[in-house]
Amino acid sequence: MGFTPYGEYWRQMRKVCNMGLLGATRVKSLHPTMEQEVSKLVAQTRAAAAAAGPINLSVVLFDLGSCVNSRVVLGMSAVRQEQVGLFFSLTKQLMKALGGFSLVDMFPSSDLLRRLTGAHAELKKLHAAVDAILETIISDHEAKRSSAAMNDEEEEEDQDLVDFLLNLKENKDLGFPFTNVEIKSVIFDILMAGTNTWNAVIEWALSEMLKNPRIMKKAQDEVRQLVFNGKGDIVDEACINQLHYLQLVVTETLRLHPSGPLNVPRENQETVVIQGYRIPAKTKVIFNSWAIGRDPNHWTDPETFYPERFLNTCTDYKGLHFQFIPFGAGRRMCPGVHYGTTIAKLVLANLLYHFDWELANGVKPQDLDMEERLGLDLRRKNDLVIIPIPYHHQAA
Ligand code: HEM
């Protein structure tokens, strides 16, 4: 869907995504799954802390992203877990192949250049491999559904996103053709878009807070004061909406580190003139939300991580303020804003509540490197390796 041209087909696919996963009601129904995965993460981090060693938080967060999304989209069967592992290793290569600019982008009409650089062939090969995985996932679901139907045992709550899409295909009441091609496209988009986005926000937010102990302490004080209920429980979804400072931290993180720094390339349908520049129809237009969020014409001291800048202002990331578009804007704006920010805040709140954090190998906060890796998604170049110290609330 992300790369489909604007039109009726895109409109229908977007509706399906909202119904199946991204609408507010559906996201709410996913909270128990999210909370279970977060509580596993806290338990694993406690175990690592007991072994007194540092943890590679970048790897932990990538695994968490794959786990949450594959549970939500595919359910838990072993076949699906195996396929999803393969899927994520292929998508890493795909992100690399799609990221950045190539010679072909400079001369888009040159078929010869496309052939000579081999860009097309590589993408075709990756596409075929990903397609085969998605087919296996669908047939695994179909097999499970027909055996459950024969034994009359399918439970409504066992249904994941693929089941939801197969129901749509069987009911044929969508008013447009909905086949395995559309199902594969929705699964692909959600697995891709839902995995390297919100977990990158968590990684950058923690990196910034480790560099700025004042901000880390303020965010921890907020969550610890609000949440403690005597049992040392998981911070749940009901609490996170009251964590106003944490919200500012997430917003400021998205300004400096938008997960899709060049958004998704778009094509204008008609020729337009903007500030004297003529942009012919069908031009590939790229919005650099990374640069926009750091533009000194719009931001005071733009390179400084300062969550308080968003206090008492109506500027946010909902696509209405063009100086800040980490989720894009307009019709094609990211439909995963609510899902992505909800889970990012849930995980961050728990990591801040249950642990104090120290940099490994004696690195001082001011020396923590913040280098970015080149690619379609914005990740740290070097993994974030840090030491968790379990926090125990002292009753007053
Ligand atoms: C913090 C996390 C996220 C960020 C920063 C982000 C950012 C973006 C951006 C910049 C776009 C392009 C918007 C445009 O062209 O104007 C986009 C599109 C999209 N995102 Fe996200 N995203 C995030 C999380 C998610 C999640 C969790 C999902 C789904 C599970 C998702 C699904 C999509 C889809 C399906 C599109 C294509 C929309 C269309 O073309 O109509 N995103 N996202």
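The values are calculated or read from the model by the stated rules, or taken from the named source; none is laboratory data. Being a predicted model, the structure only gives us computed values, none of them experimental. Reconstructed Cβ throughout: ideal geometry from the backbone, glycine too, with neighbour counts over all protein chains shown. For the accessible areas, the whole protein counts, side chains as well, though only heavy atoms, and no ligand, DNA or RNA atoms are used. Shrake-Rupley method; radii C 1.70, N 1.55, O 1.52, S 1.80 Å.
Residue count for region 1-26 satisfying the condition of being more than 12 Å from L161 (Cα to Cα) and not hydroxyl-bearing (S, T, Y): 14. Restricting attention to region 307-346, the residues that are assigned to a loop (DSSP other than H, G, I, E, B) and surrounded by fewer than 18 Cβ atoms within 10 Å (Cβ to Cβ) total 12. Among the residues of region 354-377, at least one is of a type in the set (F, W, Y) and away from the ligand (no atom under 16 Å from the Cβ).
Is it true that L376 is closer than 30 Å to I55 by Cα, touching a Leu at 6+ places or on another chain (Cβ under 6 Å) and open to solvent by 20 Å² or more (accessible area, probe 1.4 Å)? Considered against the rule, which asks whether it is closer than 30 Å to I55 by Cα, touching a Leu at 6+ places or on another chain (Cβ under 6 Å) and open to solvent by 20 Å² or more (accessible area, probe 1.4 Å), L376 comes out as yes. In region 330-342, the residues that are under 26 Å from E267 (Cβ atoms) and without any contact (Cβ under 8 Å) to a residue 60 or more places away in the chain form Cβ pairs under 9 Å with partners that are aromatic (F, W, Y) and more than 7 Å from the ligand (Cβ to nearest atom), at six or more places apart or across chains, as follows: V337/Y317. For region 9-54, a residue qualifies if it is open to solvent by 20 Å² or more (accessible area, probe 1.4 Å), hydrophobic (A, V, I, L, M, F, W, C) and closer than 30 Å to G362 by Cβ, and the qualifying residues are A43, A47, A48, A50, A51, A52.
If you check N297, N350 for being more than 16 Å from the ligand (Cβ to nearest atom), in a helix (DSSP H, G or I) and out of contact with any Gly (no Cβ under 8 Å at 6 or more places or on another chain), only one passes: N350. Scanning region 261-285 for residues that are surrounded by 14 or more Cβ atoms within 10 Å (Cβ to Cβ) and within 14 Å of the ligand (Cβ to nearest atom) turns up P261, L262, N263, V264, P265, R266, N268.
Working only within region 38-53, note down all residues that are among the charged types (D, E, K, R) and more than 16 Å from G65 (Cβ to Cβ).
Matches in region 38-53: R46 only.
Scanning region 282-294 for residues that are free of Cβ contacts under 8 Å to residues at least 24 places away in the same chain, of a type in the set (V, I, T) and assigned to a loop (DSSP other than H, G, I, E, B) gives a single hit, T283.
Residues that are more than 10 Å from the ligand (Cβ to nearest atom), farther than 24 Å from I240 by Cβ and either among the polar types (S, T, N, Q) or modelled with pLDDT of 80 or more (or both) within region 6-29 comprise G7, E8, Y9, Q12, K15, V16, listed in sequence order. Criterion applied to V68, V72, V42 was being in contact with a His (Cβ under 9 Å, 6 or more places away or on another chain) and in a helix (DSSP H, G or I), and the one residue passing it is V42.
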